[in-house]
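I have placed the structure first, in the form of structure tokens, so that the comments after it can refer back to it.
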Protein chains: 2
Amino acid sequence: MSTDIEIEGFVLGRYFEQWEEEGIAVGLEVDEIILEEEESEYQEISIFKSKTFGNVLVIDEVIQCTERDEFPYHEMMAHLPLFSHPNPEKVLIIGGGDGGAIREIAKHPLVKEIHQCELDKFVIDTAKKYLPKSAIGYSSPKLTIHLEDGIKFINRYSEEFDVIITDCSDYDLDSSRPFYEQDYYKKVNKALKPNGIICSLAECMFTDFEFMKTFTKTIRSVFPVVRYAYGIYIPGYIGGQCGFLVATKDKTKVLEEPVRQLTDEDIKDMNLRYYNTATHKACFALPQYVKEAIEKYYF
Amino acid sequence: MSTDIEIEGFVLGRYFEQWEEEGIAVGLEVDEIILEEEESEYQEISIFKSKTFGNVLVIDEVIQCTERDEFPYHEMMAHLPLFSHPNPEKVLIIGGGDGGAIREIAKHPLVKEIHQCELDKFVIDTAKKYLPKSAIGYSSPKLTIHLEDGIKFINRYSEEFDVIITDCSDYDLDSSRPFYEQDYYKKVNKALKPNGIICSLAECMFTDFEFMKTFTKTIRSVFPVVRYAYGIYIPGYIGGQCGFLVATKDKTKVLEEPVRQLTDEDIKDMNLRYYNTATHKACFALPQYVKEAIEKYYF
């Protein structure tokens, strides 16, 4: 019944486990290692085929996405801001190298241009090879890829984008940390049109509770309206949940109310498996302890 | 960086991991083992002090609850049916040996009698010693404990209870399986008053997807109204989420709409940390793939 295994790494045909200082871990059973700790110019990238979650992308020892449970993440990250915006024509995504967010953004008929700024071409190439269901986003004719640092890129723009999505890795990785700081959000604010909306990964409301509070405060120091969307369930992440912060420069905006309601037919046409008009509204109805912790930044 | 550890068991000062056939695991870091695989008359019970989740109760190698994240489970399990019921005076809980559900039920001023039917006295005694925050439920003067098999117990009653909560372990354990079957729910139906409401653990909508569908169908074969409440987020469970099936004999009932709305003061008085009127409504707004899988049993 008891078996020796390795933690924080691969054992072929066995288990991959990601432990946090928080004293909690998630584990996925490994069927086959496809890429083992390949060093790109910027980070360490692994891909394994899991027993039940399809191919799994790991960057710097953190699970980024699995083929089986990426859809709640990418659908909610893209559609919360896009269905809150009256006319999202020009969308920027910072990061999101796997392509899943692009795939979702491209489903919106109102969107005319999608710009992706991703520093690491190796992530894109890896996704195209091993995560084809996400990387199908790269086939969108609306897409322009900018291979450069997101902060330098965004600094060049003023009132340019309708929606800006920040799809980086965990805040505790050195490479991602700048994308969770006030300085970055000042640049995002400047690059956003006056009625623009942003959406950023805001981690788990339970295991990253302190971070979530700080990050809400940070974004609120730059944007007049901010909301935490919590109902995104992703079993392959530690804690099984992540949230997004959605914010806007438009002081009158009610982010909880989508401006376009979806019929069953719309949902079918857009091939949505998680997002619908009801989940849009519901994901802002915070559990009491989260509400008490961050609602003070709302008003 | 790599360290040998044992899985599916304890290593003092290290890790407890629970793996599922689904190829996914959750792990909690162990500070101290308090009870190691003690055999009660019915099951194998362990308690460990975790690094960050407080004391953890494990029955037959499945995490039942942790001190830190039991509140979403017990609050939603109790308050969803109780706030949906116009006058819940007599409540029965089957299982729930840790006492957390009793603690929540006892907060309702309308409740006059709480009956708990728990087979295993050892679980109750263990909870009283090591899970005092849950076991405080046992101090309620409204409580009567019945130490016997839940199915035999419930079979003796007709139209007796306003609310019946089934708080058993996983459906794949031999001891719990009968509590997920039609025969049991026929007895529950008989024991329930005509406008009665039930609430039962219905597992994770992702990792237990097939079970969740079957179980919804089973309950719907006995009750005219059934709804799956999904927004219960528990990091210490595999998948990080569990749901409850709420059902009623009252064909006209809208379970999504609580009959009593809570003010901020009510919430404070009842010491609620997860449940509020908004989460009650929101937890029934299903993600699209869950809606498509089970909504056919709703109408």
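Could you calculate, for the range B:10-66, the ratio of the Cα radius of gyration to the Kirkwood radius, expressed as Rg to Rh?
Numbers: Rg = 11.0 Å, Rh = 11.4 Å.
Taking Rh as the inverse mean 1/r over Cα pairs, Rg/Rh reads 0.96.
Using Cβ point charges alone (K and R +1, D and E -1), the dipole size of the range A:70-296 about the Cα centre works out to roughly 480 debye. Each of A:Met205, A:Ile165, A:Phe122 was placed along the dipole of the range A:70-296 (beta-carbon charges, centred on the mean Cα), and the one lying farthest toward the positive end is A:Ile165. Computed on the range B:70-296, with alpha-carbon pairs under 8 angstrom and 6+ residues apart, the relative contact order is 21 percent.
Going through the range B:116-159, which trypsin sites (Lys or Arg not before Pro) have at most 11 other Cβ atoms within 10 Å and a DSSP loop state? List each step's numbers first, then the result.
Details: sites: B:Lys121, B:Lys128, B:Lys129, B:Lys133, B:Lys142, B:Lys152, B:Arg156; in loops: B:Lys142, B:Arg156.
Qualifying residues, ordered by number: B:Arg156.
Computed over the range A:91-180, the alpha-carbon pair-distance distribution with 5 angstrom bins reads 3, 14, 25, 26, 19, 10, 2, 0, each value a whole percent. A cut-off of 5 Å between modelled amide H atoms, ignoring neighbours fewer than 5 places along the same chain, links B:Glu44 with B:Asp60. Largest first, the three principal axis extents of the alpha carbons in the protein assembly as shown are 73, 53, 38 Å in whole numbers. Sorted from shortest to longest, the distances between the B:Thr263 label points of this copy and the other copies are 4.4 nm, with each point 7 Å from Cα along the line through the beta carbon.
3J(HN,Hα) couplings calculated from phi for the range B:212-220 with the Karplus curve 6.51 cos²θ - 1.76 cosθ + 1.60 (θ = phi - 60°) are, in sequence order, 4, 5, 4, 5, 4, 5, 4, 5, 5 Hz; Gly and Pro show x. Per-residue shielding of B:286-299, expressed as the average number of other chain Cβ atoms within 10 Å of the residue Cβ, stands at 4.
Quantify how much of the Cα-Cα distance distribution of the range A:208-273 extends past 18 Å, in percent. That fraction is 55 percent. Would you tell me the mean number of C-beta atoms belonging to other protein chains that fall within 10 Å of each C-beta in B:268-278, as a whole number? Rounded to a whole number, the mean comes out at 3.
May I ask you to derive the FRET efficiency for A:Ile145 and A:Asp172 from their Cβ-Cβ distance with R0 = 22 Å, giving the value to the nearest 0.05?
Details: r = 27 Å, r/R0 = 1.23.
With a Förster radius of 22 Å, E is 0.20.
Considering every alpha-carbon pair of the range A:1-156, the percent of pairs per 10 Å bin, from zero through the bin containing the longest distance, is 10, 36, 33, 16, 4, 1. Taking 20 °C and 1.002 mPa s as conditions, the range B:77-117 diffuses translationally at an estimated 210 µm²/s according to Stokes-Einstein applied to its Kirkwood radius (Cα pairs).
For the range B:70-296, what is the convex hull volume of the alpha-carbon atoms per residue, in Å³? Walk me through the numbers on the way to the answer.
Values: hull volume 25.6 nm³, N = 227.
Dividing the Cα hull volume of the range B:70-296 by its residue count gives 113 Å³.
Read-outs throughout are calculated quantities, based only on the coordinates presented, and are distinct from any laboratory measurement. Please read all numbers here as calculations on a predicted model, not as lab measurements. Here the Cβ is made from the backbone with ideal geometry for all residues, glycine too, and neighbour counts use every protein chain on show.
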